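Right, one structure below, let's go through it.
The values are calculated or read from the model by the stated rules, or taken from the named source; none is laboratory data. Just so it is clear, the structure is predicted and the values come from calculations on it, not from any experiment. As a convention, Cβ positions derive from the backbone with ideal geometry for all residues, glycine included, and neighbour counts pool all protein chains shown.
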Amino acid sequence: MNETKVNTGVDPLNTDFKIDNAFLAQLVDCLPMGAMIVNAKAQILFANDQLSEILGYTDSELIGMNIDSLLPSQFKSNHTHLMSQFFAKPRKRLMGAGRELFASQKNGAQIPIEIGLNPIRGKQELVLATLVDISQRLRANNMFQRSIQAVPHGVLIIDKNGIIQSVNKSICSSFGYSEEELLDKKMEMLLPKRYQGHHAGLRHSFHQAPSIRSMGVGRDLTALNKDGKEFPVEIGLSPFENTNNEDMVFVSLLDISDRKRMEVELKENNTSLKEFTYVASHDLRSPLRGISNLVEWIKEDLGTTTDEVQHNLTRIDERILKMETLIDNLLDYAKAGKATLDTQKIDINKLVNNVEELLEFPVGIKLKKDIQLDSIVSAWTPLETVIRNLVSNAIGHHDREEGIILIRSVAENTLCHLTVSDDGPGIPEAAYERIFSLFQTTTSGERQGAGIGLSISRRLTEAHGGKLNVTSNQPQRGVTFHVWWPRFARKEIND
């Protein structure tokens with residue numbers, strides 16, 4: 001506000017508004033929001049610079065203007081009546097509480113506002129009206145609401161009394177309610193009845209010492225769907241204050257029904273596998289040992305036998321040995337489903353060299369390396385076992401006296417992509433998945449599947465957070481086995 005306006009002795013519109021109000025005018029001019037002094041006729045007697053800036057008018061344009069000129073057309077018809085009501089019983093209050101208010105700028109644009117009314121006691125009826133442009137606040141609130149809707153899990157905004165103030169679509173989907181059915185309702189409606197009685201006390205305790213935390217740590221939490229069925233959830237609580245300085249809680253809720261279902265299935269599968277391991281270790285191996293002993297006794301009793309009898313006894317020994325090998329393989333497969341925890345920095349070149357030393361390569365089969373990623377952090381033994389099985393598979397099923405097996409390693413984001421390629425006869429595309437099943441082979445005349453070796457390799461890879469598959473080298477001969485293995489120690493695997 002300029003010096004001239006503050007020190008003018010007589011207001012041109014009302015001689016009762018004397019310069020003895022200069023202190024009031026200076027005080028209003030210092031307010032950090034738009035402010036104006038208005039008389040009972042709705043005339044603006046004084047306006048500060050902030051109001052001029054908000055509305056786009058100059059100070060001189062605002063002085064003497066009827067306040068109705070600043071209102072959008074839809075609010076003008078009832079404004080005179082509202083002004084009369086206020087001056088009949090003047091009191092300090094917010095104008096239009098609970099309603100959206102707008103002001104018209106000089107350029108015709110409408111802006112959302114908040115208006116505070118403060119009656120001034122004096123010779124005439126005056127009111128100090130403060131005006132705040134809340135455009136930025138509304139934009140921030142809209143962005144907040146859009147962010148809530150974009151969250152892929154359920155979100156609730158709860159006030160300190162447990163009343164639901166905001167929800168997103170995910171929460172409505174999880175509980176089976178519409179947004180209208182949830183807003184302004186007590187959040188206890190989403191809890192099983194056995195929790196509802198003491199939940200208010202827990203909520204009060206939380207607001208006494210609010211903190212970001214998970215709810216019900218160590219307990220199985222369930223929520224109540226609209227259909228009356230409970231479902232397992234994980235809940236996170238984040239306290240905050242809204243624009244009115246009210247205590248609120250941001251509640252994130254995740255429906256973990258699918259995860260729980262998978263955990264139950266996995267537990268059942270692991271239990272079955274443990275039972276199978278026990279049977280294989282004891283109930284199958286013991287009878288085989290007994291049969292082997294009986295065969296030895298028969299040999300001793302018979303002494304010298306015919307070639308045919310000796311041939312049949314030898315066949316029995318061979319089949320007992322195959323059966324024992326099969327049991328050992330099954331036990332190895334069962335153990336492959338558990339991740340090894342002893343991680344270390346692995347030199348890929350050294351690992352491949354170890355594999356080469358452990359395997360017997362025919363004279364014409366050569367191993368080549370293209371190691372672009374030379375180190376990762378993982379467990380040595382399971383990765384070496386996978387690579388050894390894949391290389392052994394390539395050697396065992398090659399159909400020529402000469403051939404090349406190529407091992408590559410490259411980095412792909414957080415994974416190490418290892419490939420084992422050969423130039424053998426290849427694998428029919430229809431058998432790509434079947435070869436990773438226990439004891440499965442391709443049809444006769446085609447390359448034979450690797451049986452339990454590939455099954456163990458896939459099981460080990462997946463147990464350590466990786467993936468294993470096979471692709472054709474067409475138009476060249478052979479296939480390539482792809483192993484994606486984590487490059488770094490992973491919490492969910494190594495803890």
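Before moving on, here are some points about what is shown:
- Residue satisfying all of: in the range 412-432; over 22 Å from residue 465 (Cα atoms) and charged (D, E, K, R); surrounded by the most Cβ atoms within 10 Å (Cβ to Cβ) among these: 422
- Number of residues in the range 437-489 that are assigned to a helix (DSSP H, G or I), modelled with pLDDT of 80 or more and not hydroxyl-bearing (Ser, Thr, Tyr): the value is 8.
One line per residue, one yes/no per condition, for (1) over 35 Å from the mean Cα position of the chain (by Cα); (2) loosely packed, with under 14 Cβ neighbours inside 10 Å:
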residue	(1), (2)
321	yes, yes
341	no, yes
345	no, yes
360	yes, yes
378	no, no
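- Matching option when the condition is of a type in the set (Lys, Arg), in the same structural domain as residue 248 (by TED's automatic domain parsing) and surrounded by fewer than 16 Cβ atoms within 10 Å (Cβ to Cβ), among 123, 160: 160
- Among (1) farther than 15 Å from residue 126 by Cα; (2) assigned to a helix (DSSP H, G or I); (3) in contact with a Phe, Trp or Tyr (Cβ under 7 Å, 6 or more places away or on another chain) - the single one residue 106 does not satisfy: (2)
Conditions tested, residue by residue: (1) exposed (fewer than 15 other Cβ atoms within 10 Å of the Cβ); (2) modelled with pLDDT of 90 or more; (3) part of a helix (DSSP H, G or I).
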site: 64; (1), (2), (3): yes, yes, no
site: 77; (1), (2), (3): yes, no, yes
site: 80; (1), (2), (3): yes, no, yes
site: 86; (1), (2), (3): no, no, yes
site: 132; (1), (2), (3): no, yes, no
site: 149; (1), (2), (3): yes, no, yes
site: 164; (1), (2), (3): no, yes, no
